[in-house]
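Just below is one structure, and these are the notes that go with it.
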There are 4 protein chains.
Amino acid sequence: MSGNTLGTLFTVTTFGESHGPAIGCVIDGCPPGLDLSEADIQPELDRRRPGTSRHVTQRQESDTVEILSGVYQGKTTGTPIALLIRNEDQRSKDYGNIAETFRPGHADYTYWHKYGIRDPRGGGRSSARLTAPVVGAAAIAKKWLQQQYGTVFKGCMSQLGEIDIPFQSWDLVAGNPFFAANADVIPQLEAYMDKLRKDGDSCGARIEVVAQNVPVGLGEPIYDKLDAEIAYAMMGINAVKGVEIGAGFKSVAQKGTEHGDELTPDGFRSNNAGGVLGGISTGQDITVSIAIKPTSSIRTPRQSIDKAGQPATVETFGRHDPCVGIRATPIAEAMLALVLMDHALRHRAQCGDVRVATPAIAANRR
Amino acid sequence: MSGNTLGTLFTVTTFGESHGPAIGCVIDGCPPGLDLSEADIQPELDRRRPGTSRHVTQRQESDTVEILSGVYQGKTTGTPIALLIRNEDQRSKDYGNIAETFRPGHADYTYWHKYGIRDPRGGGRSSARLTAPVVGAAAIAKKWLQQQYGTVFKGCMSQLGEIDIPFQSWDLVAGNPFFAANADVIPQLEAYMDKLRKDGDSCGARIEVVAQNVPVGLGEPIYDKLDAEIAYAMMGINAVKGVEIGAGFKSVAQKGTEHGDELTPDGFRSNNAGGVLGGISTGQDITVSIAIKPTSSIRTPRQSIDKAGQPATVETFGRHDPCVGIRATPIAEAMLALVLMDHALRHRAQCGDVRVATPAIAANRR
Amino acid sequence: MSGNTLGTLFTVTTFGESHGPAIGCVIDGCPPGLDLSEADIQPELDRRRPGTSRHVTQRQESDTVEILSGVYQGKTTGTPIALLIRNEDQRSKDYGNIAETFRPGHADYTYWHKYGIRDPRGGGRSSARLTAPVVGAAAIAKKWLQQQYGTVFKGCMSQLGEIDIPFQSWDLVAGNPFFAANADVIPQLEAYMDKLRKDGDSCGARIEVVAQNVPVGLGEPIYDKLDAEIAYAMMGINAVKGVEIGAGFKSVAQKGTEHGDELTPDGFRSNNAGGVLGGISTGQDITVSIAIKPTSSIRTPRQSIDKAGQPATVETFGRHDPCVGIRATPIAEAMLALVLMDHALRHRAQCGDVRVATPAIAANRR
Amino acid sequence: MSGNTLGTLFTVTTFGESHGPAIGCVIDGCPPGLDLSEADIQPELDRRRPGTSRHVTQRQESDTVEILSGVYQGKTTGTPIALLIRNEDQRSKDYGNIAETFRPGHADYTYWHKYGIRDPRGGGRSSARLTAPVVGAAAIAKKWLQQQYGTVFKGCMSQLGEIDIPFQSWDLVAGNPFFAANADVIPQLEAYMDKLRKDGDSCGARIEVVAQNVPVGLGEPIYDKLDAEIAYAMMGINAVKGVEIGAGFKSVAQKGTEHGDELTPDGFRSNNAGGVLGGISTGQDITVSIAIKPTSSIRTPRQSIDKAGQPATVETFGRHDPCVGIRATPIAEAMLALVLMDHALRHRAQCGDVRVATPAIAANRR
């Protein structure tokens, strides 16, 4: 059973490869009557688009989205919404030299052994380019959630390689190419990236995403818990190696007297839970942190093998992000939005309308 | 859509509450012809059973499993396998005082608001007792995977509260009540737990699980990636707040020249990937690490509210694990086994039999 | 992927074999807050129970149902509801002689070849006994639908072998062992059945089921149409070979001017559609007709082969229904109720509460 | 949960509306390594294309298909295959007059009440035009099934309105616009259709489809039986009101001594089962018959209501098939192929490769 669909009630089925004619998705289950046009989707696509600074891949893609179905006279009709994005800048020659070898850290080895065939052009299906349709679909989810519950999504980079990025303000995120919620550290980040590129190396990143104004009650325990589904969605983003909810790994060394968030008539006193208890949203901010590994494609030669099992040296000369984490913030937001959208519909199915639309007060919201 | 089923092709649907008449599950999709009796399942249940040391809850449950269907003359028939475990030691009075208030850190608040009703006896459906049927089902998966591919599962506690537990040998795990792969640190762990209990407090833990001899090719990108599904399964275990695959959060500060595992004709040189590339198993060990929060039920009084929203103080006098992480190792192994089992069948559906049954050599296997 | 689950949001996963220790099911997705006890379920089970007249199998089963989970203080909690029915009258010896041969018309041949193993005792998993848990689960769906929308389900036998059974009144159905909506034809039916038994033969039947007071809007085109799902559910009942909605096969010879149901401000003028247009309920009665083949187990010797492919003669001496259609009416009602329940929740997920709860007037309701 | 996906392992998710910019689908789960290009798909699309005779709608659509993904160097890669068909002849003005009224027999009334909005242009999503992507997807399934097992699909019209069409030979089907397996009755059918058109009326049809060389063992009882899934797929085709497998409704009046197909070492002696026993394929021909209602769009004025509930008269002047059954044969074949494809993969998941690839001999194959 191939796993190219996200969600169970608000489903997003994507298609396409990095260097094929087009990428896109079919969204099934969108509630009818939502005002929708390409103008609602394009801005989110533009946030993750390549080529917008010297610190990301220089591939030129306008990522122009076309809605093929599911909208009539500017409103969703409840039928599937198909989004189409034509690929424009597929320089297949860049990848010709890697068709016969397996690049370390990449999916080449595993796709080859699983399917017995692989599309080597730009990573084919395993390329991070495939996050574009997801971001497009999530724009629809974000709009509906905001209209329905006032839910909003925020994200930022909190660590780049060894450099911590202290949180200052959400307002700062859009003002730099790193999605940093900080104004002071930007020169340091730029210098760090410039050196990495010169060294032919790459680095990892940590991204934080938050959902605010989430209704109480979303999540379907005891397996499709909200945090379990978030972990699934986040770990499914290219290059993610770790996921935390709330206090995350810090909770290991916490005592019960510290970790368990006390309640008062005015709301919770803390948010170690990250907005989820027993797999169900509490109404507090949902806080998620993810680890993104360093880009596998680097100019430094690396040891590998070819299809015949013989030793080979791999150097990558194509266009790549030296830190894939730089463009990951809007993608992580998108995944979180899709999970909440799906669970909003799932909740409605079994329990009817949300009972507690006003979220509990989160004492420590930043 | 209620989420009480694990898996898509090897499905486990559980039922039951902590203090109801019984718990159990229905397993659908088990391949026919597997030798199976209760004797294959009971030992795994016994590993996670309560009451086996002074460091865990003193609830007395034999957790005796009965196979109700799906087996004929000692072999699976391909039809659903139902497992039944009767609850024996439900002292509902222990929980009478908490029916009206929401215990901090527990699912009381969220179940109440989601469903408009909740079973307060021992946490009802949200109790960790519900991991028993999962462990039972996973015993079947483990047996099949071992017969088919030689796959084995190992797990240990690597941190208890602030105490790191260095890995010495898998052989040591069964010799102490903590599932520690270490013989020297046990007295320290025991003293730590004794003090916690005296203080009326609790602590968290970190658990590591490993799958060895995994065939190459399991995982269904680009969403149902093997690591995404593992993250879902792990985060769905009660009290888990973080999940890492391979290098996990350490990969943030790694360089690309360090992280990407090089290949040689003899196999991979390292395993930062944790056995998964592009969402598909590489044949190396699959390595997973999870963070478990401190038990929410503690004897120290805590502030909360009641159903009417009025302030209330909560003290817990029932029987509880002061560190739920102590019994989490077999549960985490079980979850990993169920994910691999499911993906073994999913692989077979689309791609036929596994192409590379002999796993790549993992240079750094411990 | 094994197919032992009915429904997508109100899911019923059954387990058990005809002569195993127990049969039952797990129902996931039931809305919380519904009053429920065994007393709501047992009467429906009693309607399909064997041994209630001389015209059905003489197997003695009380079919006593136990609710194992999902109910607290007499109300559903939104968690899985497990139903357990112990088998009481499994005379395995009756079936010993058929373990090596394939009975014509039965699933013996196909189960053997599919799974490489089969439980021959009473047909194992393929026995019509497995309709009991479905009827139990449907009792819950019926109760919820009636409370929510006033929906009610009715069914009757309309043909027994060559004998047509004209519809007189729904009130007559409970007054005879055939579920006939007719009082006059009963002696003829009894004589027909008595002769069949004496001849060691069996016959088919036609069953009609109707749902009344169905809200407008249920059904999820363009594949999970309400009528498509009904056809799936009905054809899945043991021995069913045909399904019609509304005018059914009569519509082939109808003209468009006759078939298309005209609308007036007071409702539809006719119901050739059978209450479904474009896969969505119209609010009219949903009318379904099914064909049930003659029982395959008969005392007359028949030609077959054994597992080795050698010729063999099969005679059946066990206890069997000479017309499985006689007990099919409550089963068909149950299937229809489960489909509507599932679609009521599915509708709620995407579209919110039903917009037109008052059904359109059905001019030709009987 | 919206139902725009067919299948569980070989999934086809369609999108598009009759008069939108495009229609298409995403196929997920196709086995890798299959030779595939548009040339494999286009011929099947051409078989159901409109405008090919005077007896069907005169809408001009080339139905040219473009493969957007999932194929590399002429072979499937195991990743999603997206098919795109641009709509070319959308004369929206034809339908302007029906936006405010509900056409009898159409989905207008139900879509409006379900979603609160509907795309009235050519029936929007409910148009039979949406069968085109299904036929395209099925071309892939047919190719794989034929290569893997030799399975082939055949279909014909067996009744047009009141006119029976005796079966003569499969070879005759392609030689007339009705898909009749008969050469003699064609003039009569043409005259019948010409009169219907002149009268502004429409008629129904009966279609038969057959799958030959089906492996033994396909089907997932006890709910996802092969025949149950076929019934679902067939009843989901626009305008279908009845489905039969094998003897179908004739089995009601059959005796057990007649209906149950006896076995010999050379195969089955008859095929009342229609190739399915206990929900699993027997290896005999799978035989299916469906009833298609008369086209709802006719030129004869009909009574209806408008959105405000006021009386209205509806006349249809657009381009329509006077018998939608005429183009239904390739669609029904496609649905059957998709069901078998899906179950071939499902079988492989649980049971591994098919055990009995050589089908049992069907004594009465025509």
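I want to confirm something. Restricting to the stretch D:164-202 and keeping residues that are of a type in the set (V, I, T) and buried (at least 17 other Cβ atoms within 10 Å of the Cβ), which single residue is nearest to D:L340 (Cα to Cα)? Full working, then the answer.
At the first step, the residues of the stretch D:164-202 found to be of a type in the set (V, I, T) are D:165, D:173, D:185-186.
Those left that are additionally buried (at least 17 other Cβ atoms within 10 Å of the Cβ): D:165, D:173, D:185.
On the way: D:I165: 27, D:V173: 22, D:V185: 32 Å.
It comes out as D:V173.
Going by the conditions given, is C:Y115 farther than 30 Å from C:D40 by Cβ and touching a Leu at 6+ places or on another chain (Cβ under 7 Å)? Quick ask: steps written out before the conclusion?
Working: farther than 30 Å from C:D40 by Cβ: yes; touching a Leu at 6+ places or on another chain (Cβ under 7 Å): no.
Considered against the rule, which asks whether it is farther than 30 Å from C:D40 by Cβ and touching a Leu at 6+ places or on another chain (Cβ under 7 Å), C:Y115 comes out as no.
Quick check on this structure: which one of D:V209, D:V214 is part of a strand (DSSP E or B) and within 28 Å of D:R348 (Cα to Cα)?
Result: D:V209 is the single residue among D:V209, D:V214 that is part of a strand (DSSP E or B) and within 28 Å of D:R348 (Cα to Cα).
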For the stretch A:1-24, enumerate the residues that are crowded, with 23+ Cβ neighbours inside 10 Å and part of a loop (DSSP other than H, G, I, E, B).
A:M1, A:S2, A:N4, A:G7, A:L9, A:F10, A:E17, A:G20
Residue satisfying all of: in the stretch B:228-262; facing chain A (nearest Cβ under 7 Å) and part of a loop (DSSP other than H, G, I, E, B); farthest from A:A231 (Cα to Cα) among these:
B:E262
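Does C:D89 count as modelled with pLDDT under 95, crowded, with 20+ Cβ neighbours inside 10 Å and either more than 14 Å from chain D (Cβ to nearest Cβ) or within 30 Å of B:G20 (Cα to Cα) (or both)? Show your work before the answer.
Values: modelled with pLDDT under 95: yes; crowded, with 20+ Cβ neighbours inside 10 Å: no; either more than 14 Å from chain D (Cβ to nearest Cβ) or within 30 Å of B:G20 (Cα to Cα) (or both): yes.
No: the conditions fail for C:D89.
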Residue identified as farther than 18 Å from C:I292 by Cα, charged (D, E, K, R) and at pLDDT 95 or above among C:D184, C:D94:
C:D184
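What number of residues in the stretch C:99-111 are in contact (Cβ under 8 Å) with a residue 12 or more places away in the chain and either facing another protein chain (nearest Cβ under 8 Å) or within 24 Å of C:I292 (Cα to Cα) (or both)? Outline the logic, then answer.
So the first thing to find is which residues in the stretch C:99-111 are in contact (Cβ under 8 Å) with a residue 12 or more places away in the chain, and the list is C:99-108, C:111.
In the following step, the residues that additionally are either facing another protein chain (nearest Cβ under 8 Å) or within 24 Å of C:I292 (Cα to Cα) (or both) were identified as C:102-108, C:111.
Total meeting the criteria: 8.
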Taking the criterion of being in contact with a Pro (Cβ under 6 Å, 6 or more places away or on another chain) and either surrounded by fewer than 24 Cβ atoms within 10 Å (Cβ to Cβ) or farther than 25 Å from A:I117 by Cα (or both), would at least one residue in the stretch A:284-291 satisfy it?
no
Residues of the stretch D:99-139 satisfying the condition of being aliphatic (A, V, I, L, M) and farther than 19 Å from D:R48 by Cα:
D:A99, D:A107, D:I117
D:R47 versus (1) surrounded by fewer than 22 Cβ atoms within 10 Å (Cβ to Cβ); (2) in a loop (DSSP other than H, G, I, E, B); (3) in contact (Cβ under 8 Å) with a residue 12 or more places away in the chain: which is the lone unmet condition?
(2)
For D:T313, all conditions in the list (1) in a loop (DSSP other than H, G, I, E, B); (2) more than 7 Å from chain C (Cβ to nearest Cβ); (3) polar (S, T, N, Q) hold save one; what is the number of the exception?
(1)
Within the stretch D:146-163, which residues are out of contact with any strand residue (DSSP E or B) (no Cβ under 8 Å at 6 or more places or on another chain) and part of a helix (DSSP H, G or I)?
D:Q147, D:Q148, D:Y149
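Can you find, within the stretch D:61-86, the residue that is nearest to A:A82 (Cα to Cα) among those that are among the charged types (D, E, K, R) and at pLDDT below 95?
In the first step, residues of the stretch D:61-86 are kept if they are among the charged types (D, E, K, R); the result is D:61, D:63, D:66, D:75, D:86.
So of that shortlist, the ones also at pLDDT below 95 come out as D:61, D:63.
On the way: D:E61: 21, D:D63: 18 Å.
Residue satisfying both the conditions and the ranking: D:D63.
Looking at the stretch A:65-81, is at least one residue within 14 Å of chain B (Cβ to nearest Cβ), over 18 Å from the mean Cα position of the chain (by Cα) and part of a loop (DSSP other than H, G, I, E, B)?
Narrowing the stretch A:65-81 to residues within 14 Å of chain B (Cβ to nearest Cβ): none.
There is no residue in the stretch A:65-81 that is within 14 Å of chain B (Cβ to nearest Cβ), over 18 Å from the mean Cα position of the chain (by Cα) and part of a loop (DSSP other than H, G, I, E, B).
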Going residue by residue through the stretch B:263-283, is there one that turns out to be surrounded by fewer than 24 Cβ atoms within 10 Å (Cβ to Cβ), over 30 Å from A:R269 (Cβ atoms) and facing chain A (nearest Cβ under 7 Å)?
yes
So if I check each of D:L130, D:L160, D:L145, D:L172, which one is under 30 Å from D:N87 (Cα atoms) and away from every other protein chain (no Cβ under 14 Å)?
D:L145
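Among the residues of the stretch B:295-309, what is the count of those that are more than 7 Å from every other protein chain (Cβ to nearest Cβ) and either buried (at least 24 other Cβ atoms within 10 Å of the Cβ) or under 21 Å from B:R118 (Cα atoms) (or both)? Step through it out loud before you land on a result.
First pass over the stretch B:295-309, keeping only residues more than 7 Å from every other protein chain (Cβ to nearest Cβ): B:297, B:299, B:301, B:306-308.
This time we only want the ones that are either buried (at least 24 other Cβ atoms within 10 Å of the Cβ) or under 21 Å from B:R118 (Cα atoms) (or both), so: B:297, B:306-308.
So the answer is 4.
Results for (1) within 22 Å of the chain's Cα centre (by Cα); (2) assigned to a loop (DSSP other than H, G, I, E, B); (3) touching a residue at least 40 places away in the same chain (Cβ under 8 Å); (4) closer than 30 Å to D:G278 by Cβ, shown as yes or no for each residue.
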site: B:V26; (1), (2), (3), (4): yes, no, yes, yes
site: B:P31; (1), (2), (3), (4): no, yes, yes, yes
site: B:I41; (1), (2), (3), (4): yes, no, yes, yes
site: B:V56; (1), (2), (3), (4): yes, yes, yes, no
site: B:K114; (1), (2), (3), (4): no, no, no, no
site: B:I117; (1), (2), (3), (4): no, yes, no, no
site: B:G122; (1), (2), (3), (4): yes, no, yes, no
Is it the case that C:A328 is under 21 Å from the mean Cα position of the chain (by Cα) and either of a type in the set (S, T, Y) or assigned to a helix (DSSP H, G or I) (or both)?
yes
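In this structure, does C:S251 turn out to be modelled with pLDDT under 95 and touching a His at 6+ places or on another chain (Cβ under 6 Å)? Outline the logic, then answer.
On the way: modelled with pLDDT under 95: no; touching a His at 6+ places or on another chain (Cβ under 6 Å): yes.
In short, no.
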Could you check, for the stretch C:87-105, whether at least one of its residues is in contact with a strand residue (DSSP E or B) (Cβ under 8 Å, 6 or more places away or on another chain), closer than 30 Å to D:G256 by Cα, among the charged types (D, E, K, R) and not in a strand (DSSP E or B)?
yes
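The values are calculated or read from the model by the stated rules, or taken from the named source; none is laboratory data. Just so it is clear, the structure is predicted and the values come from calculations on it, not from any experiment. Because the Cβ atoms are built from the backbone with ideal geometry, glycine has one as well, and the counts that use them run over all protein chains shown.
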